[in-house]
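All of the numbers you see were taken from the coordinates with simple rules; none came from a lab. All of these numbers come straight from a predicted model, not from anything done at the bench. Reconstructed Cβ throughout: ideal geometry from the backbone, glycine too, with neighbour counts over all protein chains shown.
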Amino acid sequence: MSIFQAIILAIIEGLTEFLPISSTGHLIIGSSLIGVQPSDFSKLFIVAIQLGTILSVVVLYFKRFFQSIHFYTKLFVAFIPSAILGVLFSDKIDSMLESPMTVAITLVIGGVILLFVDKWFQKVTYEDSGEIDYFTALKIGFFQCLAMIPGMSRSGATIVGGMTQKLSRKAAAEFSFFLAVPTMFGATAKKLYDFYKAGHIITTDEINILLIGNIVGFLVAILAIKTFIGFINRHGFKAFGIYRIIAGSIIIVLLAAGYNLQII
């Protein structure tokens with residue numbers, strides 16, 4: 001993987017990780033278009049650059065992360081379902097990741113849901129994600145498990161989950177950002193452990209690529225989060241639904257035309 005390819009993928013990751021449009025689907029198209037070859041390091045890179053996007057959430061919501069112990073316990077409760085299922089069904093999840101068609105179909109289905117989600121869940125009880133109780137956090141955590149289906153979008157699943165529990169659009173989005181921190185940190189730690197367990201050694205060039213990727217992902221994610229919150233407050237999620245349907249349809253067309261799309 002070249003530095004140029006790493007920067008492009010980091011931009012894609014930073015832009016799409018916190019939006020309900022599936023970073024996986026976009027990385028399929030992006031990596032194929034710029035010629036990234038599947039390898040152990042490229043698979044590590046895609047997961048490891050999430051550390052940069054995690055840091056963007058912590059920086060933007062710095063005060064919230066040091067507000068109270070209840071904040072962390074609620075995040076932990078919401079994190080439990082995906083942590084358990086992730087361990088139990090990791091092989092099945094990996095096998096689904098090998099199917100770009102699964103990603104494409106899920107993108108379209110999720111897009112249709114986002115077309116109507118603003119109308120379905122108009123009643124709001126919680127304007128601040130910090131107001132929710134532990135049981136509500138747990139239920140949102142179960143929605144996050146849907147993101148184990150490639151193309152569903154972790155942020156999309158948790159945001160919709162939050163809105164079903166009567167969180168405002170802004171509160172649901174912010175809780176999704178917060179929940180990303182333990183979820184993505186856990187996924188990154190496991191990937192790094194598996195990488196080293198398999199006997200791989202990261203070269204100096206690869207370390208530089210990881211550093212550059214994390215820095216770019218961090219900066220882009222900050223801009224994406226700020227823009228996203230303002231956009232959904234004004235316009236809701238319909239535009240993201242339309243975008244998902246278009247993106248999924250593009251993947252389907254490319255696959256039908258014989259393009260070899262792969263998740264690196």
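Scaling against 2.2 N^0.38 Å puts the C-alpha radius of gyration of the chain at 0.96. Gyration tensor analysis over the Cα atoms of the range 165-264 returns equivalent ellipsoid semi-axes of 30, 23, 14 Å (largest first, whole Å). Its Kirkwood hydrodynamic radius, worked out from the mean inverse distance over all distinct Cα pairs, puts the range 110-233 at 16.3 Å. In order along the range 179-192, phi translates into HN-Hα couplings of 5, 5, 4, x, 5, 6, 5, x, 5, 5, 4, 5, 5, 5 Hz, rounded to whole numbers, per the Karplus curve 6.51 cos²θ - 1.76 cosθ + 1.60 with θ = phi - 60° and x for Gly and Pro. For Ser22, the amide hydrogen comes within under 5 Å of the amide hydrogens of Gly156, counting only partners 5 or more places away or on other chains and with H modelled in the peptide plane. Phi angles across the range 14-31 convert, under the Karplus curve 6.51 cos²θ - 1.76 cosθ + 1.60 with θ = phi - 60°, into 3J(HN,Hα) values of x, 6, 9, 4, 9, 9, x, 10, 6, 5, 4, x, 6, 5, 4, 5, x, 5 Hz, Gly and Pro given as x. Since only Ala137, Ile29, Phe116 are under comparison, the one whose Cα sits farthest along the positive direction of the charge dipole of the chain, derived from C-beta charges on Lys, Arg, Asp and Glu, is Phe116. For Tyr126, the residues whose amide H sits under 5 Å from its own are Leu167, Ser168, ignoring neighbours fewer than 5 places away on the same chain, with H placed 1.01 Å from N. In terms of Cα to Cα distance under 24 Å, which lysines are near enough to Lys74, apart from those fewer than 8 places away along the same chain? Partners found: Lys63, Lys123, Lys139, Lys166, Lys170, Lys190, Lys226. Helix content alone sets the calculated 222 nm mean residue ellipticity of the chain: runs of n ≥ 4 DSSP H residues at -39500 (n - 2.57) each, divided across all residues, give -24500 deg cm²/dmol. The largest-to-smallest principal axis extents of the Cα set in the range 159-209 are 48, 21, 12 Å.
The eigenvalues of the Cα gyration tensor, multiplied by 5 and square-rooted, give the range 18-175 an equivalent ellipsoid with semi-axes of 28, 19, 15 Å from largest to smallest. Provide the FRET efficiency to the nearest 0.05 for the Ser39-Ile229 pair, computing r from the beta carbons and using R0 = 22 Å. My answer for the efficiency is 0.05.
One Cα centroid belongs to the range 154-215, the other to the range 1-55; the line between them spans 12 Å. Decide, for the range 103-164, between rounded, prolate and oblate: order the square roots of the alpha carbon gyration tensor eigenvalues as a ≥ b ≥ c, take rounded if a/c falls under 1.5, and otherwise choose prolate if a/b is larger than b/c, else oblate. Cα axes put the range 103-164 in the oblate bin.
Helix 50-60 axis versus longest C-alpha principal axis of the chain: approximately 30°, rounded to the nearest ten. For the range 222-227, 3J(HN,Hα) computed residue by residue from phi via the Karplus equation (6.51, -1.76, 1.60; θ = phi - 60°) reads 4, 5, 5, 5, 4, 5 Hz, glycine and proline entered as x.
Subtracting the Cα-Cα distance of Ile80 and Asp118 from 0.36 nm times their residue separation leaves 10.9 nm of extension gain. For the listed peptides 242-249, 37-44, a ranking on the average number of other beta carbons within 10 Å per residue, highest first, reads 242-249, 37-44.
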